[in-house]
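Structure first, commentary second.
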Amino acid sequence: SLAPALDDTYGVIIYQEQVLRVAHFVAGLSLSQADSLRRGMTKSRTKKEFMSIYKDFIDGACARGLTREQAETIWKFLSQFVGYGFNKAHSATYGTIAYQTAFLKYYFPVEYMCAVLNNHGGFYSKMAYIEESRRMGIILLPPDINFSEKQFTCAGQAIRTGLDAVFELSVTSIRKIFKEKKLRVFSSLYDFLSRTGMGEKEATNLIKAGALQSVHPSVPQLLILNKVYFKNNRKINVAEYVAGDIDLPPYNDYQKILNEMEMLDFAITAHPLTLFESCTNDRQIIPSAQIETYKNQSVKVCGWLVTSRRVRTNKNQYMKFLTLEDRFGLFEVVLFSEAYIQYGHLIRTHGPYLITGKVQSRLPGEANLIAEKVELIQLEKKELETILQKKTPPSWDGVYV
């Protein structure tokens, strides 16, 4: 009987220890033999290791009153457990962590997401956690020479980006900024440059990342002043004379997003898909939050690539699993072998990608898209020039701050 082995999990094999108990109770195998079966079911097993116990299991089960068909059914049941099971202690530990993090995320969202951003790992990039923070209603602030620490920090109900996120900003420069900031805040670009002794490239990267907006709100103007300063051998009086009364307006939000993606590898101002709305507005795209309502229907979804995983099928062909993200959440896409052969070469960047496919949903909350067509969305030069001349992106129902 399977009851002694599976009673506490309602007839479902969840833990590796249950494999041992099933083999022991059903086939009369010793616990040592049963453990050989469990080891043979790990991801690193060989077919020889896995099948070495097969005969003993079938013979033992038949000797205990099962028909060969019943014994084969249970063996198949066990073999399907391969690669999905953990031991009970491992599962309990992860369960405890899941409850703890769920509690922290709900009751201390800013502190929790700030910690996640500083200790990110696993499948997702930092950008995925940035967008999750945005969906949670947390205000995101750019790095700033006067207010940022090295890493992300909590700033009331907001998260401030750390200077460590800025592209090619050295540890030496960060330390110099902190040393000078402790003495007094930076009052202007030239005050900052003269006190830190920073080079032109690092200063440019900080300006483009938005890190000097506490001394001047216009990034274009800061870039011009920065260039004039270094062109004139760091002489402030000459730079001020050459720059004169120049007065340039700030960038629009589209340009800010482009700069942030370049300098931080994520966007603070708004979701990066904002840049591509002109390419997707008329394509009948559904938001990821509604995918499950279109079960067994063909739909179009647009998303930014978060992570992917390629696997080899039993027929020795490749297929690919994609995790994409739009401004409403994450969603899964499956490229079976035929679709992967046709479209796999496109999946080389963050995208975004326009996916046409059929919604598959076997369990509530687990809907995914079986890809039929994949398109990489790219902006032509003329389209990019057009959006950079716009004032600001349209609001998206208050989803983003």
**Message:** For the stretch 365-381, give me each residue that is within 19 Å of I291 (Cβ to Cβ) and in contact with a strand residue (DSSP E or B) (Cβ under 7 Å, 6 or more places away or on another chain).
**Reply:** A367, N368, L369, I370, A371, E372, K373, V374, E375, I377
**Item:** the stretch 237-287: number of residues that are over 19 Å from the mean Cα position of the chain (by Cα), part of a helix (DSSP H, G or I), assigned by TED's automatic domain parsing to the domain that holds L163 and of a type in the set (V, I, T)
**Value:** 2
**Request:** Go through (1) surrounded by 17 or more Cβ atoms within 10 Å (Cβ to Cβ); (2) β-branched (V, I, T); (3) touching a residue at least 24 places away in the same chain (Cβ under 8 Å) and name the single condition I224 misses.
**Result:** (1)
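Mind checking whether some residue in the stretch 203-219 is closer than 13 Å to I177 by Cα and of a type in the set (S, T, N, Q)?
Here is the first cut: in the stretch 203-219, the ones closer than 13 Å to I177 by Cα are 203, 206, 211-212.
Now restrict to residues that are of a type in the set (S, T, N, Q): none.
No, that holds for no residue.
Suppose we filter A270, A243, A289 for residues that are exposed (fewer than 14 other Cβ atoms within 10 Å of the Cβ), modelled with pLDDT under 95 and either in contact with a Phe, Trp or Tyr (Cβ under 6 Å, 6 or more places away or on another chain) or among the small types (G, A, S) (or both); which single one remains?
Numbers: A270 fails: exposed (fewer than 14 other Cβ atoms within 10 Å of the Cβ); A243 fails: exposed (fewer than 14 other Cβ atoms within 10 Å of the Cβ).
None of the others qualify; the one that does is A289.
Return the residue satisfying two criteria in turn: it lies in the stretch 314-368 and is among the β-branched types (V, I, T) and surrounded by 15 or more Cβ atoms within 10 Å (Cβ to Cβ), and of such residues it is farthest from L379 (Cα to Cα). Give the steps one after another, and end with the answer.
Step one: filter the stretch 314-368 for residues among the β-branched types (V, I, T), giving 323, 333-334, 341, 347, 349, 355-356, 359.
With the extra rule that they be surrounded by 15 or more Cβ atoms within 10 Å (Cβ to Cβ), the set shrinks to 323, 333-334, 347, 355-356, 359.
Working: T323: 22, V333: 23, V334: 25, I347: 16, I355: 17, T356: 20, V359: 28 Å.
Once the filter is applied, the top-ranked residue is V359.
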**Message:** Restricting to the stretch 106-152, name every residue that is more than 26 Å from L324 (Cβ to Cβ) and without any contact (Cβ under 8 Å) to a residue 40 or more places away in the chain.
**Reply:** Y107, F108, E149, K150, Q151
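Among the residues of the stretch 246-258, is any over 29 Å from L305 (Cβ atoms) and either among the charged types (D, E, K, R) or crowded, with 17+ Cβ neighbours inside 10 Å (or both)?
In the first step, residues of the stretch 246-258 are kept if they are over 29 Å from L305 (Cβ atoms); the result is 246-250.
Then keep just the ones that are either among the charged types (D, E, K, R) or crowded, with 17+ Cβ neighbours inside 10 Å (or both); that gives 247.
The answer is yes, given that some residue of the stretch 246-258 is over 29 Å from L305 (Cβ atoms) and either among the charged types (D, E, K, R) or crowded, with 17+ Cβ neighbours inside 10 Å (or both).
Each row is one residue, and each column tells you yes or no for (1) within 18 Å of P142 (Cα to Cα); (2) in contact (Cβ under 8 Å) with a residue 40 or more places away in the chain; (3) touching a helix residue (DSSP H, G or I) at 6+ places or on another chain (Cβ under 9 Å).
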{"residue": "I177", "(1), (2), (3)": "yes, no, yes"}
{"residue": "G199", "(1), (2), (3)": "no, no, yes"}
{"residue": "T204", "(1), (2), (3)": "yes, no, yes"}
{"residue": "A209", "(1), (2), (3)": "yes, yes, yes"}
{"residue": "L212", "(1), (2), (3)": "yes, yes, yes"}
{"residue": "P217", "(1), (2), (3)": "yes, no, no"}
{"residue": "Y229", "(1), (2), (3)": "no, yes, yes"}
{"residue": "N232", "(1), (2), (3)": "no, no, yes"}
{"residue": "I236", "(1), (2), (3)": "no, yes, yes"}
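For N226, state whether it is of a type outside the set (G, A, S) and more than 28 Å from the chain's Cα centre (by Cα). Break it down stepwise before answering.
Values: of a type outside the set (G, A, S): yes; more than 28 Å from the chain's Cα centre (by Cα): yes.
Taking the combined requirement at face value, the residue satisfies it.
Look through L275, L264 and report the one residue that is more than 30 Å from D191 (Cα to Cα) and crowded, with 16+ Cβ neighbours inside 10 Å. Please lay out each step first, then the result.
Numbers: L264 fails: more than 30 Å from D191 (Cα to Cα).
Checking each option against the conditions leaves just L275.
Just to be sure, is R234 more than 31 Å from the chain's Cα centre (by Cα), in a loop (DSSP other than H, G, I, E, B) and surrounded by fewer than 19 Cβ atoms within 10 Å (Cβ to Cβ)?
Numbers: more than 31 Å from the chain's Cα centre (by Cα): yes; in a loop (DSSP other than H, G, I, E, B): yes; surrounded by fewer than 19 Cβ atoms within 10 Å (Cβ to Cβ): yes.
Answer is yes for this residue.
The values are calculated or read from the model by the stated rules, or taken from the named source; none is laboratory data. As the structure is a prediction and not an experimental result, all values here were calculated from the model. Virtual Cβ from ideal backbone geometry, glycine too; neighbours counted across all protein chains shown.
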